[in-house]
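To start, the structure under review is shown below, and the notes come after it.
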Amino acid sequence: MASEDADVDQVDEKKSTDGPGDTVAAAEAARPPSGESVRVDSWIWSVRLVKTRSMGATACRGGHVRVNGERVKPAYGVRVGDEVRLRHGGRERVVIVKRVIRKRVGAPVAVECYVDNSPPPPPREAVAPAGVRDRGAGRPTKRDRREMERLRGLGGPEGGSEGP
């Protein structure tokens, strides 16, 4: 019976260590050896700005990632104090690197690794869904399709018929 009580005390001690010191320890464990830089695609994945590392590399190759104002390749080394600009998901994120980490960490730890200077996202009401149809309304007619394209900004010639 006494050994069961000791096991319970050990479990309680483990639960009580989940505090702010744990986030610092997790970030320190993910840190590279001192003075080294980390690949920019790996860093933006580690701090949860993109969902996968390959998405980070694709964003770099596509010119959507800038470090200190210049376009960078995925292998560019990021250091503390660098400004990283990422265009992703229809908005631009502007972050200053506060801590360089190599491994992906939890969201509370990731937020402590950068300073977010991003402009606020546009309100959801301002972004109108273009071409949303009611469920069960059937297949769109040619007129409906042209109206949806016009709302999306893909419309062709404005006006009447295109025949002779």
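The values are calculated or read from the model by the stated rules, or taken from the named source; none is laboratory data. Bear in mind that the values here come from a model prediction, so they are computed numbers and not experimental data. Note that each Cβ is placed from the backbone with ideal geometry, even for glycine, and that neighbours are counted across all protein chains shown. The accessibility values were calculated without ligands, DNA or RNA, using every heavy atom of the protein model including side chains. Shrake-Rupley method; radii C 1.70, N 1.55, O 1.52, S 1.80 Å.
Could you grab the pairs with beta carbons closer than 9 Å, sequence gap of 6+ or different chains, first residue in the range 113-136 and over 13 Å from G90 (Cβ atoms) and modelled with pLDDT of 80 or more, second one assigned to a loop (DSSP other than H, G, I, E, B) and open to solvent by 80 Å² or more (accessible area, probe 1.4 Å)?
C113/K98; Y114/K98; V115/K98
Within the range 51-73, take every residue that is of a type in the set (V, I, T) and in contact with a Phe, Trp or Tyr (Cβ under 9 Å, 6 or more places away or on another chain) and give me the one that is surrounded by the most Cβ atoms within 10 Å (Cβ to Cβ). Break it down stepwise before answering.
Applying the first criterion (of a type in the set (V, I, T)) to the range 51-73 yields 52, 58, 65, 67, 72.
Still in the running and in contact with a Phe, Trp or Tyr (Cβ under 9 Å, 6 or more places away or on another chain): 52, 65, 67.
Values: T52: 11, V65: 28, V67: 20.
In this case the residue turns out to be V65.
Could you go through the range 71-87 and let me know if any residue there is in contact with a Ser or Thr (Cβ under 8 Å, 6 or more places away or on another chain), under 30 Å from D22 (Cβ atoms) and among the aliphatic types (A, V, I, L, M).
Yes, some residue in the range 71-87 is in contact with a Ser or Thr (Cβ under 8 Å, 6 or more places away or on another chain), under 30 Å from D22 (Cβ atoms) and among the aliphatic types (A, V, I, L, M).
Residues being exposed (fewer than 15 other Cβ atoms within 10 Å of the Cβ) and out of contact with any Asp or Glu (no Cβ under 7 Å at 6 or more places or on another chain): count how many of those fall in the range 84-97.
Counting residues in the range 84-97 that are exposed (fewer than 15 other Cβ atoms within 10 Å of the Cβ) and out of contact with any Asp or Glu (no Cβ under 7 Å at 6 or more places or on another chain) gives 5.
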